[in-house]
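Notes to accompany the following structure.
The values are calculated or read from the model by the stated rules, or taken from the named source; none is laboratory data. Computed from a predicted structure; not experimentally measured. Cβ placement follows ideal geometry from the backbone for every residue including glycine, while neighbour counts extend to all protein chains displayed.
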Amino acid sequence: MAIYLKPLKRYDCKIWYRAHNIESDIIQQKAVSLSPWNPLRLWMHWEYRKMKDFEHQTVRDVDAVLAISPHDLNQLQAMAHERKNTMLHLGYWPLMVDPAEPHTKTQARVWHGERPLKLGFIGTMDWLPNQDAVQWLLHEWIPATEGWPNRPEFHIAGRKAPAFFAQKRPAYFFHGEVEDAQSFMLSCDAMVFPLRMGSGLKIKVLEAMALGIPVISTAQGVQGMGLTPGENYLHAENAEQFAQTVREILDSPNLLPRLSEHAMLKFRNNTERLEQVAALNNLLRSSLSSGDKATTPKTKTSTA
């Protein structure tokens, strides 16, 4: 939508940019992950520079920027000549059920030997960071549990996936597009987010926390959420740390229920709708009062 800024600027209106992520960050992170000899790396560096210039110009052309995380806010403020940005978190939405108790009960079956530990990942598979995460999971994280007598199961779901994601592998189950994402997530004992790239907030991480589902993630996967490793989520940056984390889960029956409770509390304390509405209201009042025109300006929001 930002490509329409020039014609919009001809009208008497305030223009706000709702930034869901920093696109140039994602392109740069992918480029860095490629081999120096890969020709795609050079092309992606070129795309990165073009996107970064476009984002810089967009931030400078609008009247306000609404960032989705503290990390993104800092970057967007650096792009602007003046401090005109504010940050909004995603609002909390009420769930139809309270999942904490039934989810804890189903977890107990793991330590009674009734079934393997179920670890899940869900996301749209045509998004580059998700594709990279699943490939990393397949090539390094899942093989790290090979040969375990109590080897966990890995359940992956998401639409628009490459064909090779559906290939059969030991302890690996690909579900494709599922009818109900929350039901799929609640069927897992914990969600795994091995993300190495991306910005903004990872919606499925927030959704898992809201449902009381423990999260195992890289620092990138929970970036901008203010989470504490070992308290709100379990941290793993590579296959070795992931295997160690899963061992801790299997050896500590109380670990997942404790994380489940802390995750729900953290989510609800940081994403209340009233706080979001108050922040938006303050920005709106400031934007209107700073206008030097007698007429009340109309406000338009761009999200791309």
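Would you check which residues across segment 191-224 are closer than 19 Å to residue 66 by Cβ, in contact with a Ser or Thr (Cβ under 9 Å, 6 or more places away or on another chain) and part of a helix (DSSP H, G or I) and list them?
206 - this is the single residue of segment 191-224 that is closer than 19 Å to residue 66 by Cβ, in contact with a Ser or Thr (Cβ under 9 Å, 6 or more places away or on another chain) and part of a helix (DSSP H, G or I).
Across segment 27-62, what is the number of residues that are modelled with pLDDT under 80 and either at positive phi or buried (at least 18 other Cβ atoms within 10 Å of the Cβ) (or both)?
Summing the residues that are modelled with pLDDT under 80 and either at positive phi or buried (at least 18 other Cβ atoms within 10 Å of the Cβ) (or both) in segment 27-62 gives 2.
Determine whether segment 65-72 contains at least one residue that is surrounded by 13 or more Cβ atoms within 10 Å (Cβ to Cβ), of a type outside the set (Asp, Glu), touching a helix residue (DSSP H, G or I) at 6+ places or on another chain (Cβ under 6 Å) and not in a helix (DSSP H, G or I).
Yes: one or more hits.
Across segment 225-238, which residue is farthest from residue 258 (Cα to Cα) among those that are in a loop (DSSP other than H, G, I, E, B) and modelled with pLDDT of 95 or more?
238
Any idea which of (1) buried (at least 21 other Cβ atoms within 10 Å of the Cβ); (2) within 23 Å of residue 198 (Cα to Cα) is the one residue 256 doesn't satisfy?
With (1) buried (at least 21 other Cβ atoms within 10 Å of the Cβ); (2) within 23 Å of residue 198 (Cα to Cα) applied to residue 256, the lone miss is (2).
Could you pull out the residue among 112, 103 that is modelled with pLDDT under 90 and either in contact with a Leu (Cβ under 8 Å, 6 or more places away or on another chain) or β-branched (Val, Ile, Thr) (or both)?
Of 112, 103, the one residue that is modelled with pLDDT under 90 and either in contact with a Leu (Cβ under 8 Å, 6 or more places away or on another chain) or β-branched (Val, Ile, Thr) (or both) is 103.
Scanning for something in a loop (DSSP other than H, G, I, E, B), of a type outside the set (Val, Ile, Thr), within 22 Å of residue 246 (Cα to Cα) and under 21 Å from the mean Cα position of the chain (by Cα), does segment 158-176 turn up at least one residue?
No.
Would you please name the residue that is surrounded by the most Cβ atoms within 10 Å (Cβ to Cβ), looking only at residues in segment 2-26 that are among the charged types (D, E, K, R) and more than 19 Å from residue 74 (Cβ to Cβ)?
14
Going through 181, 190, 171, 219 one at a time, which residue ends up being crowded, with 21+ Cβ neighbours inside 10 Å and outside the structural domain of residue 23 (by TED's automatic domain parsing)?
190
Condition check ((1) assigned by TED's automatic domain parsing to the domain that holds residue 286; (2) free of Cβ contacts under 8 Å to residues at least 24 places away in the same chain; (3) within 22 Å of the chain's Cα centre (by Cα)) across all residues:
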| residue | (1), (2), (3) |
| --- | --- |
| 8 | yes, no, no |
| 18 | yes, no, yes |
| 35 | yes, yes, no |
| 43 | yes, yes, no |
| 57 | yes, yes, no |
| 62 | yes, no, no |
| 70 | yes, no, yes |
| 73 | yes, yes, yes |
| 78 | yes, yes, no |
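Filter segment 68-88 down to the residues that are at pLDDT below 80 and of a type in the set (Gly, Ala, Ser), then identify the one that is farthest from residue 25 (Cα to Cα).
80
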